[in-house]
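Okay, so here's the structure we're looking at.
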Amino acid sequence: MASESEFDLEWDENDELMLLFQDVSHALRRARDAQLRKFGISYAEAGILFYLYSAADPMTPTDLARLLFKEHHNISALIRRMEAKGLVEKTRDSENKKSVRVRLTNKGREVRVCMRGVTKARKPMSSLSKQQRHALKVPLEKLQAVAHELLQELWPGQYK
């Protein structure tokens, strides 16, 4: 077991920044969840609706897990819940009978279109100017890519 002296116990600006990201992310997610409740969906389900609505073809649960940085079993549970709500449907993959594809139902499309009207949760982002949002986007995309690489390194095969 490692001793305390082997770890850097000093709080640095990286720790402060990470805590700030977590706090902002948590607050934005809770605000979005509160608004999505009127549609009977969660933030995670909204992410699935977004990707399925944007996709040209039905997607596999593995594709959705990768895009949403979620584990496969979590996505499978979300899909089952959403299927019970009538938002998505699963079909067998025509090329690989062991695999399934997920697509939106008409109800799922309707909910996704209605979600566009959820604007209060966008208030924090709209408090930034267009230039500030762009300036924020570039380093966040870089952090996202590096974090994704780290996940691949820490859990090979889990995140592709």
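Given the criteria outside any helix (DSSP H, G or I), modelled with pLDDT of 95 or more and surrounded by fewer than 16 Cβ atoms within 10 Å (Cβ to Cβ), does G117 qualify?
no
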Pull up segment 81-101, narrow it to residues that are among the basic types (K, R) and over 17 Å from the mean Cα position of the chain (by Cα), then point me to the one that is nearest to L151 (Cα to Cα).
R101
Counted residues in segment 52-62 being in contact with a strand residue (DSSP E or B) (Cβ under 9 Å, 6 or more places away or on another chain) and either closer than 15 Å to G157 by Cβ or of a type in the set (D, E, K, R) (or both) come to 1
Condition met for T62 (exposed (fewer than 15 other Cβ atoms within 10 Å of the Cβ), more than 26 Å from M18 (Cβ to Cβ) and of a type in the set (V, I, T)):
yes
Do we have any residue at all in segment 31-46 that's buried (at least 17 other Cβ atoms within 10 Å of the Cβ) and basic (K, R)?
yes
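The values are calculated or read from the model by the stated rules, or taken from the named source; none is laboratory data. Predicted, not measured: the structure shown is a model, and the values here were computed from it. Reconstructed Cβ throughout: ideal geometry from the backbone, glycine too, with neighbour counts over all protein chains shown.
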